[in-house]
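In what follows, a structure is listed as structure tokens, so that the remarks can point back to it.
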């Protein structure tokens, strides 16, 4: 399981509970879905077992995670650009 899916499954376990996550995995396997991939796979089993609440929770938290990650990367790039601008202006 890759790092992204480990994160998604942690969100799901927090929302539903670890025992439910086991049920989601088993149903995904039974239906021929990849039990190690959340989106498009285990999320379908989760919707059948627990309803839309956990599926929506994982999706929303992941959106916030992506938004925060992109914002942090953008800020780091802006800081690096400012530092280069300051360093470059000292050499005039």
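Readers should treat all values here as calculations from the given coordinates under stated rules, not as data from a laboratory. These numbers come from a predicted model, not from an experiment. Using ideal geometry, Cβ is built from the backbone for each residue, glycine included, and neighbour counts are taken over all protein chains shown.
So which residues in the stretch 19-37 are in a helix (DSSP H, G or I) and within 19 Å of residue 62 (Cβ to Cβ), if there are any at all?
Passing the criteria: 20, 21, 24, 25, 28.
Does residue 34 meet the test of being without any contact (Cβ under 8 Å) to a residue 60 or more places away in the chain, surrounded by fewer than 15 Cβ atoms within 10 Å (Cβ to Cβ) and closer than 18 Å to residue 6 by Cβ? Working first, answer last.
Numbers: without any contact (Cβ under 8 Å) to a residue 60 or more places away in the chain: yes; surrounded by fewer than 15 Cβ atoms within 10 Å (Cβ to Cβ): yes; closer than 18 Å to residue 6 by Cβ: yes.
The answer is yes for residue 34.
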